[in-house]
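The values are calculated or read from the model by the stated rules, or taken from the named source; none is laboratory data. Since this is a predicted model, take the numbers as computed values, not measurements. So basically every Cβ, Gly included, is an ideal-geometry build from the backbone, and we count neighbours across all protein chains shown.
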């Protein structure tokens with residue numbers, strides 16, 4: 001378990017001293033390493049069904065572009081012990097942890113407290129976050145109230161993630177990134193993080209559609225994937241217009257291998273007498 005500080009010094013953005021720094025990626029230093037992330041969705045409103053989560057898909061899509069694979073998602077209630085448990089598990093198992101929800105101004109927004117508890121650091125009011133909120137609420141009724149000031153609280157040693165939508169910043173603490181639960185605000189925070197994280201080669205994908213039950217071509221999919229070990233083939237069945245069909249999504253970080261696998265799949269489907277549609281149905 002990682003313990004102690006969020007960073008070596010406040011504002012540096014460096015990893016804790018007991019965690020190895022991530023290698024720097026450049027165009028001249030390609031690596032086969034797969035960078036991974038966990039996502040923790042926090043909020044009673046998600047589990048009750050009152051709010052439909054939209055962050056999982058947008059975080060996953062954004063991570064793909066950064067060369068990072070979303071490997072696990074957990075949804076937990078606004079319960080301190082549950083959040084702490086999930087934070088510790090996910091931050092240790094993956095290169096990055098992202099959380100959504102629970103960083104607002106109300107009493108049940110306890111994500112900051114839970115992350116601080118997981119890391120063993122105190123909660124402080126970040127001076128830059130306070131200044132941002134003071135400016136944002138200067139011309140709004142009530143000004144910077146005690147409730148609104150809660151949004152300047154961070155685990156000690158944290159950096160801020162800019163929020164151009166509503167003022168209150170997100171929080172970066174080591175490999176943990178705390179973001180808002182409101183999807184359009186989360187999107188803005190992700191945009192601010194674009195290009196700032198170490199990642200591997202982006203995962204590329206091609207889709208082949210076929211009007212057939214996936215069970216009929218399961219052997220073809222398995223054999224083609226087996227012959228192209230650096231590719232993955234996912235099958236996504238559907239029912240439309242009274243007919244069954246499936247889209248086969250081929251994924252790889254290597255464009256050449258991806259193309260070879262797609263061609264092999266098309267050839268195999270054709271040889272077996274199945275019509276297919278490049279790009280999917």
**Message:** Out of 268, 218, 227, 201, I need the residue that is surrounded by 14 or more Cβ atoms within 10 Å (Cβ to Cβ) and over 30 Å from residue 99 (Cβ atoms). Which one?
**Reply:** 268
**Asked** What is the one condition in (1) without any contact (Cβ under 8 Å) to a residue 60 or more places away in the chain; (2) surrounded by fewer than 12 Cβ atoms within 10 Å (Cβ to Cβ); (3) not in a strand (DSSP E or B) that residue 239 does not satisfy?
**Response** (3)
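Just for strands (runs of 3 or more DSSP E) wholly inside region 54-135: which have at least 3 residues that are farther than 14 Å from residue 176 by Cα? Show your work before the answer.
Values: elements: 68-76, 96-100, 123-125.
By residue number, 68-76, 123-125.
For region 2-24, does any single residue satisfy the condition of being at pLDDT 95 or above, surrounded by 14 or more Cβ atoms within 10 Å (Cβ to Cβ) and within 16 Å of residue 198 (Cβ to Cβ)? Give the derivation first.
Step one: of region 2-24, the residues at pLDDT 95 or above are none.
No, region 2-24 contains no residue that is at pLDDT 95 or above, surrounded by 14 or more Cβ atoms within 10 Å (Cβ to Cβ) and within 16 Å of residue 198 (Cβ to Cβ).
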**Fill in**
Residue hits (region 76-103; surrounded by fewer than 17 Cβ atoms within 10 Å (Cβ to Cβ) and either at pLDDT below 95 or touching a helix residue (DSSP H, G or I) at 6+ places or on another chain (Cβ under 6 Å) (or both)) are 77, 80
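Condition check: buried (at least 19 other Cβ atoms within 10 Å of the Cβ) and within 20 Å of the chain's Cα centre (by Cα). Does residue 65 satisfy that?
Working: buried (at least 19 other Cβ atoms within 10 Å of the Cβ): no; within 20 Å of the chain's Cα centre (by Cα): yes.
Spelling it out, it is not the case that residue 65 is buried (at least 19 other Cβ atoms within 10 Å of the Cβ) and within 20 Å of the chain's Cα centre (by Cα).
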**Item:** Output for region 37-52, where each listed residue is in contact with a helix residue (DSSP H, G or I) (Cβ under 8 Å, 6 or more places away or on another chain) and buried (at least 17 other Cβ atoms within 10 Å of the Cβ)
**Value:** 37, 38, 39, 40, 41, 42
